[in-house]
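Heads up, the thing below is written out as structure tokens.
The values are calculated or read from the model by the stated rules, or taken from the named source; none is laboratory data. Here the structure is a predicted model, which means the values were calculated and not measured. Cβ placement follows ideal geometry from the backbone for every residue including glycine, while neighbour counts extend to all protein chains displayed.
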Amino acid sequence: METKATIRQYYRTLRRHIPAEKKLLASCSLADIFLNASRDKSQKNIAVYLAVDGEINLQPLINALWQLQYNVFLPVIDINTQMLSFVQYNASTTMKKNQYGIEEPENISSNLLPEDLDIVLMPLVAFDLLGSRLGMGKGFYDRVFEFCRDKHNKPLLIGVAYACQCAQQLPVDPWDVPLDGVLTEKELLMFSGKP
Ligand SMILES: Nc1ncnc2c1ncn2[C@@H]1O[C@H](COP(=O)(O)OP(=O)(O)OP(=O)(O)O)[C@@H](O)[C@H]1O
Ligand SMILES: [Mg+2]
């Protein structure tokens, strides 16, 4: 089996080369799919991300979530612990760039515990149909959601990707936290039996 590094390189290049108009259509289509699928209106705390490196852009979905009065959170890296915390995000949030050049809310006081998120939409480089996720390789999401491994309730971990980021079968390390589902521009695929 190929190494994570080789697979990562392949899928990062692939997603960066998707034409701009296809990217825009995918972002809008993904928003519609998510909103049509989310029947449980009590699931109001949703973590999203701001797209970098050719990741599928969640902004159309974020705008819709704001309009529907969801509480939207962004991951913020704690420089000392290298852990993610989740900080509330709205149209007037002041942002600043983190060590990777990714925008984060500047004021991190309005954060909540990862356990209190209902749904986490997480970026990924590749996924497979067994629910394995390959990220950018820093292990941030694996560390913060390690507790989900033996918890049968929330949060629901949903990877977000272009359909073309589906890999044959990914290598899995002991620390990799499996996904409950994947949201693409084509469908919402659920792997776990979670609601
Ligand atoms: N629960 C954990 N405890 C300790 N170290 C961890 C844990 N989870 C991940 N790591 C560390 O993170 C590193 C990167 O993990 P991995 O290659 O799975 O990244 P990734 O899932 O692709 O990245 P990311 O989750 O940031 O998108 C691993 O080498 C491992 O040392
Ligand atoms: Mg991992």
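Taking (1) in contact (Cβ under 8 Å) with a residue 24 or more places away in the chain; (2) away from ligand 1 (no atom under 11 Å from the Cβ); (3) not polar (S, T, N, Q) in turn, Met95 satisfies each apart from (1).
Of all residues in the stretch 163-183, none satisfies being more than 16 Å from ligand 2 (Cβ to nearest atom), assigned to a loop (DSSP other than H, G, I, E, B), touching a residue at least 60 places away in the same chain (Cβ under 8 Å) and more than 14 Å from the chain's Cα centre (by Cα).
Check Ile18, Ile33 and return the single one that is closer than 17 Å to Gly159 by Cα, surrounded by 12 or more Cβ atoms within 10 Å (Cβ to Cβ) and modelled with pLDDT of 95 or more. Spell out the reasoning first.
Details: Ile18 fails: closer than 17 Å to Gly159 by Cα.
Matching residue, one of Ile18, Ile33: Ile33.
Take the residues in the stretch 124-136 that are in contact (Cβ under 8 Å) with a residue 60 or more places away in the chain and more than 8 Å from ligand 2 (Cβ to nearest atom), then tell me which one is nearest to Gln165 (Cα to Cα). Looking at residues that are in contact (Cβ under 8 Å) with a residue 60 or more places away in the chain and more than 8 Å from ligand 2 (Cβ to nearest atom), I get Ala126.
Quick check: anything in the stretch 114-136 under 26 Å from Asn71 (Cβ atoms), within 12 Å of ligand 1 (Cβ to nearest atom), under 14 Å from the mean Cα position of the chain (by Cα) and charged (D, E, K, R)? Looking through the stretch 114-136, at least one residue is under 26 Å from Asn71 (Cβ atoms), within 12 Å of ligand 1 (Cβ to nearest atom), under 14 Å from the mean Cα position of the chain (by Cα) and charged (D, E, K, R).
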